1. Quick one: angle between helix 12-23 and the longest Cα principal axis of the chain, in degrees between 0 and 90, rounded to 10, please.
2. On the accessible surface of the range 1-67, probed at 1.4 Å, how many percent belong to carbon and sulfur atoms?
3. State in Å² the accessible area per residue of the range 16-98; use a 1.4 Å probe, count heavy atoms of protein chains only, and round to the nearest integer.
4. Once every DSSP H run of n ≥ 4 in the chain is given -39500 (n - 2.57) and the sum is divided by its residues, what mean residue ellipticity at 222 nm do you get, rounded to the nearest 500 deg cm²/dmol?
5. Quickly rank 30-39, 16-25 as a protection proxy: mean count of other C-beta atoms within 10 Å, highest first.
6. Convex hull volume of the Cα atoms in the chain, per residue, in Å³?
7. I want the local charge near Lys43. Using Cβ-Cβ distances under 13 Å, sum +1 for each Lys or Arg and -1 for each Asp or Glu among the other residues.
8. Which loop-located trypsin sites (Lys or Arg not before Pro) does the range 2-73 contain, where loop means any DSSP state but H, G, I, E or B and the Cβ has at most 12 other Cβ atoms within 10 Å?
Amino acid sequence: MTHALVTGGAGFIGSHLVDSLLADGWRVTVFDNFDPFYDPAIKERNVAPHATHPGYALIRGDLRDAAAVRRLGDATYDVVVHLGARAGARPSIADPVG
């Protein structure tokens, strides 16, 4: 089974990508920090349909946190889709490290 890592996979675009990958038979690991720029409840709703899928795993963490990234373990991914980013152009420009 092909395995994808999707950073930012709880967001609008990421969760729709995850829908498609799971429907196509992929195994998917999502790494997302549920940043409160958008209501985290929205992201919770985005990932809820995936939670019971046997090919789905969710790891909550921030890409800027090495310990959180290590929770990805030694898994091998066939593809990495990097959608994790600070939301909103203005906050990103004002505080890029945030």
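1. So the inclination is approximately 10 degrees.
2. Reported share for carbon and sulfur atoms: 60 percent.
3. Here the residues of the range 16-98 average 66 Å² of exposed surface.
4. It comes out at -8500 deg cm²/dmol, rounded to the nearest 500.
5. Top of the packing list down: 30-39, 16-25.
6. In the chain, the Cα convex hull volume per residue is 93 Å³.
7. Net of charged neighbours comes to -2.
8. Those satisfying the criteria are Arg64, Arg71.
The values are calculated or read from the model by the stated rules, or taken from the named source; none is laboratory data. Treat the numbers as computed from the prediction; the structure is a model and nothing was measured. Counting neighbours? That spans all protein chains shown, and the Cβs are built from the backbone with ideal geometry, glycine included. Please note that ligands, DNA and RNA were not included when accessible areas were found on the heavy atoms of the full protein model with its side chains. Shrake-Rupley method; radii C 1.70, N 1.55, O 1.52, S 1.80 Å.
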